[in-house]
Amino acid sequence: MRLLALLFRLLAVAVLGMGLALQGGCATPARPEQMATQTMVERVPAALLGKIALGGVTGGKETNPMLFAEVGNDQLGQALTQSLRHAGYLSAEPNAATITLTVGVVGVDKSSGYTLTVTTLIRYVLANKEDGQRVVDELVTTSCTRGLSDDLVGMTRLRHTEECAVRNNIAAFLTKLSAASMK
């Protein structure tokens, strides 16, 4: 009888522990404020200063709480808006913008293990709003690596690594954009 009672207690503790582990390990989407870059651009071409409106963002995936963190279109759009505004590219009035930026997430590759590396491949297309002619068409690849010492919880480490990889990608695009010759 004592053995049976002990087994029931162990089972109860195991079920409770699994429930707590699942609740604490639910995936949450990437946070726009953590994906936005605060990197100062060396020089904003005059042709782009305050002239860009963000068009569509495609290719992102919504986070399923029972699986892994993902980069969603809405979160990436918000991060881009914050980054473009900070760098001086974003038009204060979207209807007055002369250039539209459309963005497509081509791929997000994730490693597994204690040390995670996330690589992002994002396409940025700037086009004249008037005639649709492409001014810039850039495919940018960046990555970020975080280890167990950065975040103990795997789901959190994955989300932070994805946010870092996207932030690096946006910063790399803005750097390329600042070096582009515009008329």
Show which aspartates and glutamates lie in cross-link reach of residue 129 when reach means a straight Cα distance below 17 angstrom and same-chain residues fewer than eight apart are skipped. 93, 137
Write down the accessible area per residue of region 48-183 in Å², having rolled a 1.4 Å probe over the full set of protein chains. 50 Å²
If the convex hull is drawn through the Cα atoms of region 106-152, its volume per residue in Å³: 74 Å³
Which value, to two decimals, describes the C-alpha radius of gyration of region 44-183 once divided by 2.2 N^0.38 Å? 1.12
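The values are calculated or read from the model by the stated rules, or taken from the named source; none is laboratory data. All values derive from a computational prediction rather than experimental measurement. Remember, those area values only see protein heavy atoms, side chains included, never the ligands or the DNA or RNA. Shrake-Rupley method; radii C 1.70, N 1.55, O 1.52, S 1.80 Å.
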